[in-house]
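Here the structure comes first, spelled out in structure tokens, and everything after it is commentary.
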Amino acid sequence: EANAMVLSTVNKGAVDSRVVLLKDLRDDKFVFYTNYKSHKGQQLLENPNCTILFPWVEHQQQIIVRGTAKKVSEEESTAYFLSRPESSQIGAWVSDQSKEIDHRDSLDKKLDELTEYYKENELTKPPHWGGFEIEPYEIEFWQGRENRLHDRILFELKDGKWETRRLQP
């Protein structure tokens, strides 16, 4: 998945990482969606500093983006939510993401109940679900090469302008 990215956040002084999907790239910002009550959501709300990494191992390439995250507008989150398949919309209501669960059957039972409920009721975006946009201040492009003498190009945002530097491998 070309849009799969590793999101790293800060968890009370420690680093926490997981794969999320890039859903939009606009206005120089990287956008993804999640449950705001999840570990990643809470961590970004407490400390917006984060990195995203696009690993394209088979091509010996990666891009690292260092930046700060903030919530996208409620209108944007709702528009994206409503564009998702109905099963994904219901899934956002089913899962209390990152919370402990006694057994998988509990989750399946809740899915069945909410699937039935939403056959008769309007399906809306949960208030705890939405997007984050990451505004970069550094973007590093890495290209693997023989002898581990890789190419690394760093773009840094300084005073509103991007400066470019080549780094040693």
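Bear in mind that the values in this text are calculations on the coordinates, not laboratory data. Being a predicted model, the structure only gives us computed values, none of them experimental. Ideal geometry is used to build each Cβ from the backbone, glycine not excepted, and the neighbour counts take in all protein chains shown.
Computed quantities for the displayed model
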item	result
Using alpha-carbon coordinates, inclination of helix 104-120 to the longest axis of the chain, degrees	70 degrees
Charged-residue dipole, Cβ positions (Lys, Arg, Asp, Glu), segment 1-79 about Cα centre, Debye nearest 20	280 debye
q = 0.08, 0.17, 0.20 Å⁻¹: log10 I(q)/I(0) that the Debye formula gives for the chain, counting C-alpha atoms only	-0.31, -1.10, -1.35
Loop-exposed GluC sites (Glu not before Pro) per DSSP, neighbour cap 15 Cβ within 10 angstrom, longest uninterrupted part of the chain	2-99
Relative contact order, percent, the chain [alpha-carbon distance under 8 Å, six or more residues apart]	23 percent
For the chain, built as a Gaussian network whose Cα springs stay under 10 Å, the top-fluctuating residue of Asp16, Asp102, Asp151	Asp102
